[in-house]
Structures are given as structure tokens and as C-alpha cells.
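Below you'll find the structure, written out as C-alpha cells, and then a few comments.
The values are calculated or read from the model by the stated rules, or taken from the named source; none is laboratory data. This one's a predicted model, so the numbers in the text were calculated from it and none came from an experiment. Glycine gets a Cβ as well: all are built from the backbone with ideal geometry, and neighbour counts include every protein chain shown.
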């Protein structure tokens with residue numbers, strides 16, 4: 001019968017992200033067997049359910065309920081002295097494992113650490129052999145996150161990811177102690193959420209006739225129709241699944257740019273005095289689209305009705321409204337838009353964009369929510385109460401923080417995971433900057449020029465996975481991993497300054513973590529370069545160092 005020696009390990013269990021402190025490992029082992037009980041104090045029930053579903057499946061353990069003071073027990077409890085997401089994990093051969101969290105989320109992150117300590121087998125869905133031992137070394141771990149917002153953007157508008165793929169993504173985020181999924185639901189290339197009051201958004205806007213393959217300059221096309229959307233029940237399931245993993249799903253509905261799919265479905269939303277909006281289809285290529293929303297009361301009421309349904313589905317305190325890459329050419333040419341600028345006594349088209357943002361900032365605030373948008377919302381004046389996703393480098397986030405606004409740092413030069421991972425021509429569809437695993441590991445979310453008070457406005461950080469050139473789950477895996485593991489350590493752990501970070505220690509821990517990713521079935525980029533089946537020869541990217549991708 002397999003025993004403890006069959007489980008590979010590393011000093012400290014090769015934990016990723018790095019915990020605050022580890023006392024141990026000590027001598028001997030702590031065994032979880034068929035007689036091990038699971039004691040869940042009030043407030044820890046979701047974590048108990050998760051442990052039975054994961055560790056119970058991986059090792060064939062029933063983990064029946066039992067008293068917390070008994071020997072051979074995994075005991076879960078709350079301790080308000082700890083930070084809300086902080087935890088203490090203590091493993092001892094005399095009594096088993098105790099996980100104490102400052103709140104339910106802290107207990108859950110402690111359970112994620114326990115899973116890592118039990119080795120790669122703990123990430124499988126069934127035992128590899130009857131009686132497979134679940135063991136770990138005696139030790140005590142104290143831990144808690146640096147940032148409250150530790151997120152990843154998943155773009156499902158450019159290439160749709162079916163619901164099961166989103167649920168899998170949530171599990172992968174949880175495994176890395178990330179707690180925000182920013183779901184990019186609408187764009188020129190597709191509308192991905194059912195809005196019952198406006199059924200054409202999915203009836204027309206959820207699919208396109210064909211798709212550009214590679215960069216927008218590529219001559220290649222995929223002539224198959226592409227599309228899909230999430231029903232409102234799908235969204236409820238995704239949000240509930242995330243909540244049990246202490247992940248907040250932040251929806252993004254783009255306003256006023258990136259809107260051709262919506263205009264194709266409802267032409268009255270576009271600038272009809274400038275172009276024939278009835279001729280528009282869902283866009284089939286990449287880049288910055290010139291077709292933007294018309295600044296009319298009809299448009300405002302339409303998106304208020306959309307957001308009414310969005311708020312009913314997503315309890316997130318933040319709602320992302322985009323606000324980026326909004327060309328002003330149609331507004332400049334539109335007599336109706338110019339009349340609106342005059343009516344509102346605005347200085348010009350930049351202030352007209354700000355008028356859109358300010359309207360929905362007030363509208364969301366009246367309903368107890370907060371607007372967040374890309375750093376272009378700074379143009380024409382930042383809406384009161386709005387938070388900023390700083391993507392065009394650090395400058396937008398610095399300006400926002402200095403003026404008292406909250407910021408999520410996600411600069412494209414550092415944490416856009418659609419960008420290529422190596423300069424080699426073997427990289428599939430090479431886009432944008434070369435950002436290696438080490439580059440991501442040395443990313444610092446807090447700009448050094450901020451004072452302590454200004455730095456307090458940095459809510460956290462986020463890695464963005466834009467899917468123009470990620471047309472499958474396999475491609476998504478390749479681009480996101482292993483760099484998301486490095487990013488997760490930056491977001492969670494209290495690391496030294498970038499130049500002083502121990503990247504060699506991180507790579508040593510990653511040798512264990514790669515085995516976990518293998519067990520999870522993640523098709524990550526190997527350290528030595530892509531497997532033959534991961535390459536995409538002949539599919540053009542934009543391999544220009546120092547230039548943004550603009551795909």
C-alpha cells in the first residue's frame with residue numbers, strides 16, 4: 001500500500017505564493033487517513049465543503065464531521081484577532097491540522113495552503129491508488145495577503161470561454177490565492193451576457209460571422225462563425241461558485257467605446273447621422289474600433305436598463321464600465337453630438353466622454369455601487385468616487401492616487417499576459433512586449449513616488465488576459481501560466497524591492513508547483529520553451545519590442 005514516501009515535497013512544501021512565516025518543518029509526519037475527522041466551526045462551512053470535495057476526492061477520504069478537540073482532526077475555526085484574510089495553519093502528529101482564520105476567507109486560504117503541503121497528488125480528482133496516504137510535515141505557518149485586490153481579467157468577449165472554462169478559471173485563481181475575477185463581458189467582437197429586456201444583444205451581438213487569426217495585419221481568417229453567451233442562470237452559478245471560493249466577480253460593460261456589438265444589435269445606439277448604423281455587424285477583427293455610442297438620452301436609458309440587470313446578478317461593490325480607447329472622430333463629425341456638447345456646456349469631446357462616465361458614476365453610487373474604469377476616464381476630469389484600472393503604465397494610477405482616488409495597478413508593460421513570454425520565434429502568435437516569468441516576478445504594484453497616504457489608495461493589482469489571440473482554453477493556459485503564479489506571489493506576499501527578490505528561490509518552489517499544475521491539467525509554457533503542439537507557425541503576431549500590441 002502506498003505510504004508517505006510516495007509523496008514528493010520540498011522545503012516548506014514549495015509553497016506558492018510565499019507565506020509570511022513558516023516554523024518548521026519538524027520531524028515526523030502528520031497523516032490524514034480514513035479516520036481523520038473534519039471539524040468546522042460556524043463561519044467555516046464553505047471551506048469544509050471545499051476540503052471534502054477536493055482532498056476527499058484526491059485521497060479517497062470521507063472526512064466525517066467530528067469534535068475539534070479530538071486527535072486526528074482537521075479543525076477549522078475563526079479568530080478575529082487575525083486579519084480577515086489572514087490565517088494560521090498548525091500541523092502536529094498529536095492532533096492533526098488546525099486552520100484558524102481572521103474571517104471565512106482566511107480559513108479558505110489556509111485550506112489552499114494545506115492542499116499544497118499535501119503534494120501534487122492533492123490536486124487530482126481521484127486517488128492514484130487505493131489507500132494513498134495524505135501526509136505533511138509538522139509545522140506552523142502564519143500568513144496573510146499584502147493587497148486586498150488580487151485579480152485577473154478574463155476577456156470572454158473576443159473569444160468566448162464556455163461556462164465550464166470560467167468555473168475552471170475560478171478554481172485556478174483560488175489555488176493561487178487570487179480573489180478577483182474581472183470578467184470582460186462586452187466588446188466590439190461580442191456581447192456575452194443575457195439581458196432579458198434587450199434580447200438582441202445576444203440574439204445578434206453574441207456572434208460574429210468570422211474571426212481574424214493572429215494580429216490584425218495577418219492575412220489569415222477563421223471562416224467559422226464564433227460566439228456564445230452566458231444566460232442569467234449561468235452568471236448566477238458563476239457568481240455563487242466564486243463566492244464559495246471567496247472570489248469577487250467584477251463585471252465589465254464597456255461604455256462608450258468598444259461597443260460595435262451593441263450597436264449592431266440596436267442601431268439607434270450609434271451615431272446614425274455620421275454612419276449607416278443599420279449596416280454594422282459584430283466586428284470580426286482587432287484594434288481600436290471607430291464606432292462609439294451616441295451621447296443621447298436613449299443611450300443612457302438603454303445602458304441603465306442593462307446595468308439594472310447586471311446589478312441584480314453581480315453583488316460586487318465595483319462595476320467596471322471600460323471607458324478606454326474611445327475615438328472621438330464620430331462625435332466631432334456628428335451634428336447631434338456637437339449639439340449635445342453645446343447643450344451641456346462642455347469644453348469638447350473629451351468632456352463628452354467624461355459626461356458619460358460621470359453619469360454612470362452617479363447612477364451606480366445611487367444604488368450603493370462604485371464605478372471603476374480604465375485610466376482614460378481621467379481624461380476630461382475624473383468622476384467623483386470612481387476608481388481607476390491603470391493599464392497604460394503607472395502614470396494614470398499615480399495621478400489618480402495623488403488626487404485621492406483608489407487604483408488597481410495593471411500596467412500593460414508588466415502584467416498583460418497576452419504578451420509574449422520570450423523573444424524566440426517559436427512563441428505562438430507573439431504579441432507586444434517580451435515579459436518573462438522573472439519580469440512578472442519583479443513587478444512592483446506601488447510606484448515609489450507615492451507617499452504613504454497616496455499609496456494607501458492602491459487597492460491592489462491585476463493581471464490581464466486579453467483573448468484576441470487566445471482562441472481556446474489550451475492557448476489561454478499557455479499564455480497565463482506559469483506567469484500567473486509569479487503574479488500571485490507579487491499580489492499576496494510581502495516581497496522586498498524588485499531588485500532584491502529571490503527569483504532563484506521562486507524557481508525552486510516552482511519545480512514543485514509545476515507538478516501541481518500538471519495534476520490540474522494546465523497546459524502551461526514549460527521553462528525551456530513551448531512544446532511542439534503549443535507552437536502556432538505561420539500565425540502572425542506583432543513582435544515589436546517596446547511597442548504596445550494594439551491587436
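Table for the structure above
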item	result
Positions within segment 126-142 being under 14 Å from residue 90 (Cα atoms) and touching a strand residue (DSSP E or B) at 6+ places or on another chain (Cβ under 6 Å), in sequence order	135, 136, 138, 139, 140, 141, 142
Counted residues, segment 233-255 - those being within 19 Å of residue 168 (Cα to Cα) and surrounded by 15 or more Cβ atoms within 10 Å (Cβ to Cβ)	15
Residue 436 surrounded by fewer than 17 Cβ atoms within 10 Å (Cβ to Cβ), within 24 Å of residue 109 (Cβ to Cβ), out of contact with any strand residue (DSSP E or B) (no Cβ under 8 Å at 6 or more places or on another chain) and in contact (Cβ under 8 Å) with a residue 12 or more places away in the chain	no
Candidate set from segment 145-171 (those that are assigned to a helix (DSSP H, G or I) and under 10 Å from the mean Cα position of the chain (by Cα)); member that is nearest to residue 244 (Cα to Cα)	170
Whichever residue in segment 27-53 is assigned to a loop (DSSP other than H, G, I, E, B) and touching a strand residue (DSSP E or B) at 6+ places or on another chain (Cβ under 6 Å) and, among such residues, is nearest to residue 174 (Cα to Cα)	44
Selected residue [under 15 Å from residue 380 (Cα atoms), in contact (Cβ under 8 Å) with a residue 24 or more places away in the chain and in a loop (DSSP other than H, G, I, E, B)] from 324, 361	324
Test for residue 478: is it crowded, with 18+ Cβ neighbours inside 10 Å, out of contact with any strand residue (DSSP E or B) (no Cβ under 9 Å at 6 or more places or on another chain), assigned by TED's automatic domain parsing to the domain that holds residue 227 and under 25 Å from residue 164 (Cβ atoms)	yes
Test set (1) more than 18 Å from residue 379 (Cα to Cα); (2) touching a residue at least 40 places away in the same chain (Cβ under 8 Å); (3) part of a helix (DSSP H, G or I) - residue 330 fails condition number	(1)
Scan of segment 196-219 for residues that are outside any loop (DSSP other than H, G, I, E, B) and surrounded by 14 or more Cβ atoms within 10 Å (Cβ to Cβ), ordered by number	200, 201, 202, 207, 208, 211, 212
Scope segment 395-410; condition surrounded by fewer than 23 Cβ atoms within 10 Å (Cβ to Cβ) and closer than 14 Å to residue 463 by Cα; matching residues	none
Matching option when the condition is within 16 Å of residue 115 (Cα to Cα) and buried (at least 21 other Cβ atoms within 10 Å of the Cβ), among 48, 58, 40, 53	58
In segment 127-141, residue farthest from residue 519 (Cα to Cα) [restricted to those that are in contact with a helix residue (DSSP H, G or I) (Cβ under 7 Å, 6 or more places away or on another chain) and surrounded by 19 or more Cβ atoms within 10 Å (Cβ to Cβ)]	141
Residue count, segment 85-103 (criterion: under 16 Å from residue 244 (Cα atoms) and over 21 Å from the mean Cα position of the chain (by Cα))	2
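Okay, residues lined up against (1) within 26 Å of residue 61 (Cα to Cα); (2) touching a strand residue (DSSP E or B) at 6+ places or on another chain (Cβ under 8 Å):
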site	(1), (2)
118	yes, yes
124	yes, no
178	no, yes
186	no, yes
193	no, yes
196	no, no
217	no, yes
229	no, yes
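Conditions (1) more than 30 Å from the chain's Cα centre (by Cα); (2) outside the structural domain of residue 203 (by TED's automatic domain parsing); (3) under 30 Å from residue 212 (Cα atoms); (4) crowded, with 21+ Cβ neighbours inside 10 Å, marked per residue:
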site	(1), (2), (3), (4)
288	no, no, yes, no
303	no, no, yes, yes
308	no, no, no, no
333	yes, no, yes, no
358	no, no, no, no
